[in-house]
1. What tally of residues in the range 71-83 results from selecting those that are assigned to a loop (DSSP other than H, G, I, E, B) and either open to solvent by less than 30 Å² (accessible area, probe 1.4 Å) or at pLDDT below 90 (or both)?
2. Given 22, 31, which one is buried (at least 17 other Cβ atoms within 10 Å of the Cβ), at pLDDT below 90 and not in a strand (DSSP E or B)?
3. Which of the residues belonging to the range 84-104 are within 26 Å of residue 132 (Cα to Cα), open to solvent by 50 Å² or more (accessible area, probe 1.4 Å) and either at pLDDT below 95 or part of a loop (DSSP other than H, G, I, E, B) (or both)?
4. Give me a count of the residues in the range 42-54 that are exposed (fewer than 15 other Cβ atoms within 10 Å of the Cβ) and in contact with a strand residue (DSSP E or B) (Cβ under 8 Å, 6 or more places away or on another chain).
Amino acid sequence: GAPARPREMWGVAFLPSAGADGGGVLVASNGSSLLLHLHARSLRLLRAVRVVDAALGLAIEGLNELEVVEGEVWANVYPMWQRTHSACVARIWPDDGRVLGWVDLTALARTERAAVTDAYNNVLNGIAYNHTAPDPPPRAAG
């Protein structure tokens, strides 16, 4: 039968040029290492790709908030079950789950964490991208 709809999603972003009908697909995360491709109207699961950083030799667990930036999917990593929080955003190629590189936000995280006293909520969360901004997004070597 047809794949079911995912039961839980942590982050969702729209890929406008993807999809068989050219109408785009939604990409979603559920806290695992999977990037879920969903039909934009029915939310039917089309496929799932595992996000892997070949340089680290690891699948990247804890994918959370997502944003599409110039055709890439950017995801913050929130492995709360490991009691650690990443200060990096993964740059992912949505077709195959390949990690293209990382955006290191350590300096920002350090500044913000000094102002937050609740350790559980002391995490970077949320990604926004202004596609009309004159400067390209920051890049970290992959």
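1. The total comes to 3.
2. Result of the check over 22, 31: 31.
3. Hits for the range 84-104 are 95, 102, 104.
4. 4
The values are calculated or read from the model by the stated rules, or taken from the named source; none is laboratory data. Here the structure is a predicted model, which is why all the values come from computation and not from measurement. Every residue, glycine as well, gets a Cβ built from its backbone with ideal geometry; the counts of neighbours run over all protein chains shown. Remember, those area values only see protein heavy atoms, side chains included, never the ligands or the DNA or RNA. Shrake-Rupley method; radii C 1.70, N 1.55, O 1.52, S 1.80 Å.
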